[in-house]
């Protein structure tokens with residue numbers, strides 16, 4: 001009797017659907033990470049792509065304008081490591097900030113601390129956008 005119950009349960013549960021592997025499922029999130037919103041733009045999601053591009057870039061630029069800190073990779077303080085993870089999510093903006101030495105000043109006033117948070121949040125938003133571009137590419141989301 002146990003075998004029939006087990007068989008009946010396995011018949012009710014569908015097998016895990018295989019995720020389609022396409023070039024777009026690799027290119028869209030990678031390009032979306034490097035250039036905010038580009039993962040959506042190459043999939044012809046114009047409104048969403050332009051909105052993400054504008055918002056991530058604006059948050060990063062406002063954070064830099066407020067003298068926010070851009071974290072570098074290190075093995076020291078845990079909060080610095082988490083800040084770096086958030087910053088690296090901004091992709092090309094982070095690489096640009098490192099090349100142009102933006103955000104290297106010490107935080108000396110409250111506005112700069114808020115700027116640092118803007119920079120970290122822009123990176124986290126960009127990671128979420130890249131994941132969204134991936135889900136669109138594999139057909140899980142419209």
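Derivation of every value follows stated rules applied to the coordinates shown; laboratory data play no part. Everything numeric here is computed off the predicted structure, so don't read it as measured data. Positions of Cβ are backbone-derived with ideal geometry, glycine not excepted, and every protein chain shown enters the neighbour counts.
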Indicate the gyration tensor shape class of the range 96-142 (rounded, prolate or oblate), computed on the Cα atoms with a ≥ b ≥ c the square roots of the eigenvalues: a/c under 1.5 is rounded; otherwise a/b larger than b/c is prolate and the rest oblate.
oblate
On C-alpha positions alone, give me the angle between the axis of helix 110-137 and the longest principal axis of the chain, in degrees, nearest 10.
30
Taking the mean number of other Cβ atoms within 10 Å as a proxy for protection, how do you rank 36-44, 73-81, 92-100 from highest to lowest?
36-44, 92-100, 73-81
Normalised by the number of residues in the chain, what is the relative contact order in percent for Cα pairs under 8 Å and 6+ residues apart?
33
Cα centroid separation, the range 44-58 to the range 64-142 (Å)
17
Over the range 62-142, relative contact order from alpha-carbon pairs under 8 Å, at least 6 apart, %
43
